[in-house]
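Chemist: My questions will all concern the structure given below.
FYI, it's all coordinate maths here, none of it is from the lab. Treat the numbers as computed from the prediction; the structure is a model and nothing was measured. All Cβ positions, even for glycine, are placed from backbone atoms using ideal geometry, and neighbour counts span all protein chains on display.
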Amino acid sequence: MKTFTLMAVVLTAAIQTQTQTARPIPKEEQENKMREEAARAAAVVARTPEEWRRIRERERAAAEAAAKQAREQKELAEKRAQEAKRALKKIAEDRNASAQQRKVAKAKFEGKITIGMTAEEVRQAWGPPDRINRTVTSRYKHEQWVYGKTYIYIDDGVMTAYQDSK
């Protein structure tokens, strides 16, 4: 019984201390706080139909742009493949074409590179290089085209060698 009475006294003293030190919040301030919290929640959750329409339009436009870009890339790839097929067919039919010319035409058709290709043919097959290192002398122009970890060597506009690290 003494323990129970002692606990009641301690609790009563704690409640009195808390009520004396805590500042009562005016009703107007409480209402303002509640309005602010409600406005923040509404701004996050609720959007007007016009805002949702704009969001959908932006998403639709982004999807259409991505689809258009994919179509253009596909058309470009198909165009390059057709050009390569025509070139390969022309060279294959040309009895005067050398084995090197046939080899270059076949590599172009497959999107590969081979020694003997011109710089333009290499660029068509692999795209622009990441970096070009040049050496120019009075006798020749030597370029090293860097594609990631592969190095293509171009001398006077013709691919003469390549180096890769695997």
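Chemist: For Asn32 and Ile115, FRET efficiency with R0 = 45 Å and r from the beta-carbon atoms, rounded to 0.05?
Modeler: On the way: r = 79 Å, r/R0 = 1.77.
Plugging the Cβ-Cβ distance into 1/(1 + (r/R0)^6) gives 0.05.
Chemist: For the cross-link pairs Lys85/Lys112; Lys85/Lys106; Lys68/Lys149; Lys89/Lys112; Lys74/Lys112; Lys90/Lys141, which exceed 20 Å when the distance is taken from alpha carbon to alpha carbon? Walk me through the numbers before you get to the answer.
Modeler: Details: Lys85/Lys112 14 Å; Lys85/Lys106 9 Å; Lys68/Lys149 32 Å; Lys89/Lys112 17 Å; Lys74/Lys112 18 Å; Lys90/Lys141 31 Å.
The answer is Lys68/Lys149; Lys90/Lys141.
Chemist: So how much slack lies between Lys106 and Thr135, counting 0.36 nm per residue of separation and subtracting their Cα-Cα distance, in nm?
Modeler: On the way: separation 29, 0.36 × 29 = 10.44 nm, distance 2.99 nm.
Computed gain between Lys106 and Thr135 is 7.4 nm.
Chemist: For segment 85-166, which chymotrypsin sites (Phe, Trp or Tyr not before Pro) are both in a DSSP coil and crowded by at most 15 other Cβ atoms within 10 Å? Spell out each step's value before the answer.
Modeler: On the way: sites: Phe109, Trp126, Tyr140, Trp145, Tyr147, Tyr151, Tyr153, Tyr162; in loops: Tyr140.
The qualifying sites are Tyr140.
Chemist: Quick one: Leu76, Leu88, fewest Cβ neighbours within 10 Å first, how do they rank?
Modeler: On the way: Leu76 10, Leu88 18.
Final ranking by Cβ density, sparse to dense: Leu76, Leu88.
Chemist: Please compute the length gained on full extension between His142 and Asp155, using 0.36 nm multiplied by the number of residues separating them and subtracting their Cα-Cα distance.
Modeler: Roughly 4.2 nm would be gained on extension.
Chemist: Going by the alpha-carbon gyration tensor, a ≥ b ≥ c the square roots of its eigenvalues, is segment 78-166 rounded (a/c under 1.5) or, if a/c is not under 1.5, prolate (a/b greater than b/c) versus oblate?
Modeler: prolate
Chemist: Testing the spin-label approximation: label points 7 Å from Cα along Cα→Cβ at Asp94 and Arg53. State their distance in nm.
Modeler: 6.1
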